[in-house]
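Accompanying notes for the structure given below.
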Ligand SMILES: [Zn+2]
């Protein structure tokens, strides 16, 4: 068995005694990889800009530690937070190609594909593609916000255009209610989509 000798560096405190596979720095508790979007969403803008720069400067360390997928995923989430949706999509794509098994990667890929425009204003191809990624995320983990976002895609693209949605809207909404959606989830996801939560859908969660 061979061991990699490369050492990862904490993007925040520059600690170098980090082992591959660690998600958080054991000194300063900073995220070494962003596996969950909420961890980057709560950083202030200077912090995640700095995080992005440091992340990029340690790309080779991540790659040589077999963490290339985590690296691209972290970068994708940073780009999404910075509002650069096309770079986010290309990083998430690379994370997917590396075989990452993180539902957040697929979910936020779907979000980034909409390019900060409501589904209504996107092409059918884009909406269908984004919806497929959300379905993939749901196959990996059932989360209320994933169901609710799928319901929003269908509502805004199909229902608002008087078209029949590919799947029953109610099914998504019932599951959203069953698995639970927090105010925080809604704020974070709709903020990244640059969209307003429709009241008609919000009422269905009560
Ligand atoms: Zn640290």
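The rows are residues; the columns are (1) under 18 Å from the mean Cα position of the chain (by Cα); (2) surrounded by fewer than 18 Cβ atoms within 10 Å (Cβ to Cβ); (3) over 19 Å from residue 188 (Cα atoms); (4) without any contact (Cβ under 8 Å) to a residue 24 or more places away in the chain.
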position	(1), (2), (3), (4)
23	yes, yes, yes, yes
36	yes, yes, no, no
59	no, yes, yes, yes
104	yes, no, no, no
Output the residue which, of all residues in the range 34-67 that are out of contact with any strand residue (DSSP E or B) (no Cβ under 9 Å at 6 or more places or on another chain) and part of a loop (DSSP other than H, G, I, E, B), is farthest from the ligand (Cβ to nearest atom). 66
Of the criteria (1) modelled with pLDDT of 90 or more; (2) surrounded by fewer than 21 Cβ atoms within 10 Å (Cβ to Cβ); (3) touching a helix residue (DSSP H, G or I) at 6+ places or on another chain (Cβ under 7 Å), which one residue 86 fails: (3)
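Residue-by-condition table, conditions (1) in contact with a strand residue (DSSP E or B) (Cβ under 9 Å, 6 or more places away or on another chain); (2) at pLDDT 95 or above; (3) in a helix (DSSP H, G or I):
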| residue | (1), (2), (3) |
| --- | --- |
| 173 | no, yes, yes |
| 177 | no, yes, yes |
| 186 | no, yes, yes |
| 189 | no, yes, yes |
| 195 | no, yes, no |
| 205 | no, no, no |
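The values are calculated or read from the model by the stated rules, or taken from the named source; none is laboratory data. Model, not experiment: these values are computed from the prediction. All Cβ positions, glycine included, derive from the backbone under ideal geometry; neighbour counts span all protein chains shown.
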